Amino acid sequence: MSTQADKPETRLCSSVTGADNLLLSVWLRSPGDCVALEERILHRHPGLRISERSITLHTAKRMGRLLDRDGRARAHVPMTAAAEGEADGTTGAPLGTVNQG
């Protein structure tokens, strides 16, 4: 699977414990691209079995930025929980506050 880890669409390729022992997270342009990706992977690795998949159609926030429907950053959510609160980030931070700009 190391060849998949080098692909630009791959965001995470990780070994995990259990019967299903590989986690792959990718960013694709459309849900239809998922089928093509799975076919390429299965062609390269015929012994592989895809046991589960999950598709997120819209990402609301990325790295503290709220995104519009086109994926453009439109607002910022301060990520100061650990700095102002306890080490686990459970207190002291305005996580629901949105700064425009």
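Taken together, the values in this text are just the output of simple stated rules run on the coordinates, not laboratory data. The structure displayed is predicted, hence computed values, not measured ones. As a convention, Cβ positions derive from the backbone with ideal geometry for all residues, glycine included, and neighbour counts pool all protein chains shown.
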Amide H to amide H under 5 Å from L22: which residues, 5+ apart in sequence or cross-chain, H placed 1.01 Å off N in plane?
V16
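What dipole magnitude, in Debye to the nearest 20, does the stretch 1-45 give about its Cα centre under +1 on Lys/Arg Cβ and -1 on Asp/Glu Cβ? Walk me through the numbers before you get to the answer.
Working: 5 positive and 6 negative charges, 21 e Å.
Computed about the Cα centre, the dipole is about 100 debye.
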Read phi for every residue in the stretch 9-25 and hand back ³J(HN,Hα) as whole Hz from Karplus 6.51 cos²θ - 1.76 cosθ + 1.60, θ = phi - 60°, with x for Gly and Pro.
6, 6, 9, 8, 9, 9, 7, 10, 8, x, 5, 9, 10, 9, 10, 10, 10
Selection from S51, G64, A36 lying farthest towards where the dipole of the stretch 16-65 points positive, charges on Cβ
G64
So who's got an amide H within less than 5 Å of the one on A75, skipping anything under 5 residues away but keeping other chains? H placed 1.01 Å off N, in plane.
L66
